[in-house]
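Remarks on the structure that follows.
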Amino acid sequence: MTAVTSHGTADLAVDLAPHNPRELLLRNPFMAASGCFGYGEEYAGVIDIQRLGAFVSKGITPERRAGNAMPRIVETPAGMLNAIGLQNPGIHGFVKKYPTLWDSWAVPAIVNISAEAVDDYAMMAAMLDEQPGIAAIEINVSCPNISRGGYCFGWDAEMSAEVTRAVRGVTTLPIIVKLSPGASDIVSVAIAVEAAGADAISLINTLVGMAIDVRRRRPLLANETGGVSGPAIKPIAVRMVYQVASAVRIPVVGMGGIMSLNDALEFFLAGASAVQIGTGIFVDPGLPIRLIDELSQWLDEEGFSSFNQIVGLANVGFRSGDPHLFRFREASGL
Amino acid sequence: MRRQLAQVETTGTSREFESQVLAVDHTMGDAILLTVSAPTTVVQRLNSGQFFNVSCRFPGSFDPLLRRPYSVYRAHQQPSSLTFLVRPFGRGSAWLAGRTPGERLEILGPLGNSFVIPPRAQRLLMLAGGVGVAPLVMLSDVAVARGLDVVFVMGAADAAGLLPASELRGPVEYVVATDDGSRGHHGLATEIVGDYVHWADQIYACGPEPMYRTLRTVADTHRINKKPGVQISVERGMACGFGACLGCVVETRRGMIASCVDGPVFDFDEVVF
């Protein structure tokens, strides 16, 4: 018996790219979220990273970035604000080190890419397509589109689709598009990126927020605004996963404030085929590994033989296959 | 055809441990010395300057969410335990300062790098500002045990905020300064530290950022060819403690460096203030 199933017999495996010949096969549905796990090596001596379903790297950009000035993080009620500023070595620095390292690992490694122009997303995806050790690309569309006056790609269905199409055109790697909760209609964005060739959708990215230092009468973050994460945003994330999962046929990866198995189960029942743990790792590094065993045990106790049986169980729209009914109800407040 | 999943390898070893509060002693005004149990393996491999991330909330609560970093004030073998200096300042430290013996704490560590005593250094100068005194107490213990000479300079707002002289072990010269003049030099500790710079083989400092700015002037005025070297411990709010989130960086000549893994101890001349 392997360590993966030491606490139960249920099948935890999930494929996040069932329509892609290259597949994105996870041995369990627990992933480490981008920006919260470095490049994996930071946690290699802390937890058994090889047991994770997958991990997503810190956001990589076309050029090296030094990141924002300090302070970069501020604690908020049951959560935190961050404005790191995508500090990273750039795609060229990245490919020199990590693909070879990851190729020797059992855990699937997913690269998160961020850019301010469609061509730059495509350039990075093309480079990654030729590299070993990379299981998939996660596209961060929560970036300003320079050619549209800095309007966020992820807030607009067509702009999100344009990025997805450009990346799809240059790589056969599985593509996950990470949606922004700032979109006025996140379901439209999800449907658009699915049509543009995304293999899976992950959500939610952080919500833009801010905190003020009353004594200094200035924003607490050097960047003024930042992304809110942690338990405080979980209900918003569950709602958005529920809506998106009822509207698309590709797998959905949920995230936002997961701190316990019960939290993860809410996302699975809402329609998530996997979850990412982000802020939860900061305060409890052992959490994602513990959740694997807890889920396995829970599935056994509840009489499920496979994890896939619980995905979307609480999602009425998901099961009826009529996402528009749910969207209408949500929009009209009925 | 489905790929076979490679055999899972076990690598990581958790650095988190559950601890019990052993003692709470009031010191330095409104601060406390919090002594907590720790595994012997943790205490044995610990070096002065390292820190622990302490969860400052009740089990099941998510507020305040992030762990708080605390340098070790003193480590003990019998029983195996650690002492932290905690001043109630924000929500996390206020919660921690309110613990009583017998209560449980979730602690992660040891984390970060440590102070280095160069092989030929005999005379060590320490400069402490307020609760920044914590890691220097442990370093002073180590230095005295090795038979080195220590001058310990400390500054605080008033006499009550000073480390009691009885807390320093062995033959240590203890010099103090207070903002209100209630004890020692009336003014900043950095104003008197210059007198000892020529004597010292190595300088160690821990305190608030304004102290480092004035220390820069002292260091530039009294040192020749950047000798003696100055090691400082910086304090940053942080999230992960493992260099993953990059929320606790320090600006250095080499770029933005994570203070949780490549700090908290930095070469003073490398840091940009």
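The values are calculated or read from the model by the stated rules, or taken from the named source; none is laboratory data. The structure displayed is predicted, hence computed values, not measured ones. Heads up, the Cβs are rebuilt from the backbone with ideal geometry, glycines too, and the neighbour counts pull from every protein chain shown.
A few notes on this one:
- Looking across the stretch A:225-256, the residues that are within 13 Å of A:Leu207 (Cβ to Cβ), of a type in the set (A, V, I, L, M) and more than 14 Å from chain B (Cβ to nearest Cβ) come down to A:Ile236, A:Ala237, A:Met240, A:Met255.
- Against the numbered list (1) in the same structural domain as B:Val197 (by TED's automatic domain parsing); (2) in contact with a Phe, Trp or Tyr (Cβ under 9 Å, 6 or more places away or on another chain), B:Val86 comes up short only at (1).
- Residue check, B:Thr10 polar (S, T, N, Q) and modelled with pLDDT under 95: yes
- Residue list for the stretch A:2-28, filter: within 12 Å of another protein chain (Cβ to nearest Cβ), at pLDDT below 95, part of a loop (DSSP other than H, G, I, E, B) and under 16 Å from A:Trp298 (Cβ atoms): A:Ser6
- Looking only at the stretch A:72-102, and only at residues there that are of a type in the set (D, E, K, R) and within 10 Å of chain B (Cβ to nearest Cβ), the one that is nearest to A:Pro144 (Cα to Cα): A:Arg72
- Counting only residues that are without any contact (Cβ under 8 Å) to a residue 12 or more places away in the chain and surrounded by fewer than 23 Cβ atoms within 10 Å (Cβ to Cβ), the stretch B:64-89 holds 2 of them.
- Restricting the first member to the stretch B:191-206 and to residues that are surrounded by fewer than 18 Cβ atoms within 10 Å (Cβ to Cβ), and the second to residues that are among the hydrophobic types (A, V, I, L, M, F, W, C), the beta-carbon pairs closer than 6 Å and six or more apart or on different chains are B:Gly194/B:Val218; B:Asp201/B:Ala121.
- Contacts under 9 angstrom Cβ, first residue in the stretch B:212-233 being touching a residue at least 40 places away in the same chain (Cβ under 8 Å), partner in a strand (DSSP E or B) and basic (Lys, Arg), 6 or more apart: B:Pro228/B:Arg123
- Wholly enclosed strands (runs of 3 or more DSSP E) of the stretch A:30-139 bearing at least 3 residues under 21 Å from the mean Cα position of the chain (by Cα) and of a type in the set (A, V, I, L, M): A:109-113
- Here the condition is being surrounded by fewer than 24 Cβ atoms within 10 Å (Cβ to Cβ) and within 24 Å of B:Ala38 (Cα to Cα); of B:Gly98, B:Gly170, it holds for B:Gly98 alone.
- Taken over the stretch A:96-110, the criterion of being in contact with a helix residue (DSSP H, G or I) (Cβ under 6 Å, 6 or more places away or on another chain) and without any contact (Cβ under 8 Å) to a residue 60 or more places away in the chain is satisfied by A:Ala106 alone.
- Qualifying residues in the stretch B:13-27 (those that are hydroxyl-bearing (Ser, Thr, Tyr) and part of a strand (DSSP E or B)) - the one nearest to the other protein chains (Cβ to nearest Cβ): B:Ser19
- Residues that are of a type outside the set (Val, Ile, Thr), at the interface with chain B (Cβ under 7 Å from one of its Cβ atoms) and without any contact (Cβ under 8 Å) to a residue 60 or more places away in the chain within the stretch A:34-71 comprise A:Gly38, A:Glu42, A:Ala44, A:Gly45, A:Gln50, A:Ala66, A:Gly67, listed in sequence order.
- For the residues B:Pro101, B:Pro59, B:Pro79, B:Pro39, the requirement of being farther than 20 Å from B:Pro264 by Cα and within 14 Å of chain A (Cβ to nearest Cβ) singles out B:Pro59.
- Members of the stretch A:256-272 that are crowded, with 24+ Cβ neighbours inside 10 Å and touching a Leu at 6+ places or on another chain (Cβ under 7 Å): A:Ala264
- A:Met31 satisfies every condition listed in (1) modelled with pLDDT of 95 or more; (2) more than 27 Å from A:Arg168 (Cβ to Cβ); (3) more than 10 Å from chain B (Cβ to nearest Cβ) except (2).
- Filtered residue count, the stretch B:28-59, keeping only those that are assigned to a loop (DSSP other than H, G, I, E, B) and more than 18 Å from B:Gly98 (Cα to Cα): 8
- Some residue of the stretch A:76-93 being more than 27 Å from A:Phe153 (Cα to Cα) and buried (at least 21 other Cβ atoms within 10 Å of the Cβ): no
- Restricting the stretch A:257-309 to residues that are of a type in the set (S, T, N, Q), within 14 Å of chain B (Cβ to nearest Cβ) and assigned to a helix (DSSP H, G or I), the residue that is farthest from B:Arg57 (Cα to Cα): A:Ser296
- Picking from residues in the stretch A:199-224 that are in contact (Cβ under 8 Å) with a residue 12 or more places away in the chain and in a strand (DSSP E or B), the one that is farthest from the other protein chains (Cβ to nearest Cβ) is A:Ile201.
- Residue tally, condition at the interface with another protein chain (Cβ under 7 Å from one of its Cβ atoms) and touching a Leu at 6+ places or on another chain (Cβ under 7 Å), over the stretch B:223-255: 1
- Taken together, A:Gly182, A:Gly149 contain a single residue that is free of Cβ contacts under 8 Å to residues at least 24 places away in the same chain and over 15 Å from A:Ile250 (Cβ atoms), which is A:Gly149.
- Options A:Glu63, A:Glu138; residue that is among the charged types (D, E, K, R), out of contact with any Cys (no Cβ under 9 Å at 6 or more places or on another chain) and crowded, with 18+ Cβ neighbours inside 10 Å: A:Glu138
- Residue among A:Ser147, A:Ser160, A:Ser188 that alone is hydroxyl-bearing (Ser, Thr, Tyr) and modelled with pLDDT under 95: A:Ser147
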